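The values are calculated or read from the model by the stated rules, or taken from the named source; none is laboratory data. All values reported here derive from a predicted model rather than from experimental measurement. Here the Cβ is made from the backbone with ideal geometry for all residues, glycine too, and neighbour counts use every protein chain on show. We work out accessible area using only protein heavy atoms, side chains counted, and drop any ligands, DNA or RNA first. Shrake-Rupley method; radii C 1.70, N 1.55, O 1.52, S 1.80 Å.
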Amino acid sequence: PAADPNDDGIENLLAYGTDLPGLAANTVQVIQGVQFNSPTSNPNDDRFVFRFRRATGGATGVTYHIEVSETLAANSWSELDFGQAETNMTTLSDDPDGDGSAEVVEVETPAQGRTRLFARLVVREVP
């Protein structure tokens, strides 16, 4: 799973989970967008929005996780809790490639007073 035979910087497990070629060079973005959304003047309404590509309906045998950090330090990453009522996950596009094999998913979560936030997508094998 950690191999990268096409040397594009994307390990096979991530390529599989996001419906990218494992052997051919990758030209598709896994992360489709990251933004800070402030819909009102109230800072309590601020939201962090993260869009990523995944295999349609989620690839078999893997789970998807978004980890966030304010500093990028190795021990500063924490996983977003999709069970939290304020964290929403929505499928935006059912077919970004036109072949039905991938979709774009948006995750939105409260900023909780943070002024900056880094995020990364992690795909893990189901044990």
Item to check | Helical mean residue ellipticity (222 nm; -39500 (n - 2.57) per DSSP H run of 4+; nearest 500) of the chain | outcome: -1000 deg cm²/dmol
Checklist entry - When Lys and Arg each count +1 and Asp and Glu each count -1, what net charge do the other residues less than 9 Å away from Gln32, Cβ to Cβ, add up to? => result +1
Checklist entry - Percent of accessible area on the chain owned by carbon and sulfur, 1.4 Å probe? => result 49
Checklist entry - How much FRET efficiency would the formula 1/(1 + (r/R0)^6) give for Asp81 and Leu117, where r is the Cβ-Cβ distance and R0 is 25 Å, rounded to 0.05? => result 0.95
Next on the checklist: Placing +1 on the Cβ of each Lys and Arg and -1 on the Cβ of each Asp and Glu in the stretch 41-83, which of Asn42, Tyr64, Ala74 has its Cα farthest towards the positive end of the resulting dipole?
Outcome noted: Tyr64
Checklist entry - Please state the relative contact order of the stretch 52-127 as a whole percent: Cα pairs under 8 Å, 6+ residues apart? => result 44
Item to check | Probe 1.4 Å, accessible area per residue of the chain, Å² | outcome: 57
Item to check | Over the chain, relative contact order from alpha-carbon pairs under 8 Å, at least 6 apart, % | outcome: 28
Item to check | Neighbourhood charge, 12 Å Cβ-Cβ cut-off, centred on Leu20 and excluding it, Lys, Arg +1 and Asp, Glu -1 | outcome: -3
Checklist outcome for this item: Farthest towards the positive end of the dipole of the stretch 11-127, among Thr90, Thr27, Ala55 and with Cβ unit charges of +1 on Lys and Arg and -1 on Asp and Glu, lies the Cα of Thr27
Checklist outcome for this item: Among (1) 2, 10, 16, 17, 15, 15, 12, 7, 4, 1, 1; (2) 2, 11, 20, 25, 21, 12, 5, 2, 1; (3) 2, 10, 18, 21, 20, 14, 8, 4, 1, 0, the entry matching P(r) over Cα pairs in 5 Å bins from 0, in percent as calculated here is (3)
Next on the checklist: Quick check: net charge around Thr91, other residues with Cβ under 10 Å of its Cβ, Lys/Arg +1 and Asp/Glu -1?
Outcome noted: -2
Item to check | the chain: most fluctuating residue of Asp94, Asp19, Asp45 per GNM, C-alpha cutoff 10 Å | outcome: Asp45
Checklist entry - How large is the dipole of the stretch 36-107 about the Cα centre if only Lys and Arg carry +1 and Asp and Glu carry -1, each at its Cβ, rounded to the nearest 20 debye? => result 80
Checklist entry - GNM on the chain, C-alpha springs below 10 Å: top fluctuator among Leu72, Leu80, Leu13? => result Leu72
Checklist outcome for this item: Distance in Å, no decimals, from the C-alpha centre of the stretch 100-127 to the one of the stretch 15-69 is 5
Checklist outcome for this item: Candidate cut points under chymotrypsin sites (Phe, Trp or Tyr not before Pro) in the stretch 74-120, DSSP loop plus at most 13 other Cβ atoms within 10 Å of their own Cβ, are Phe82
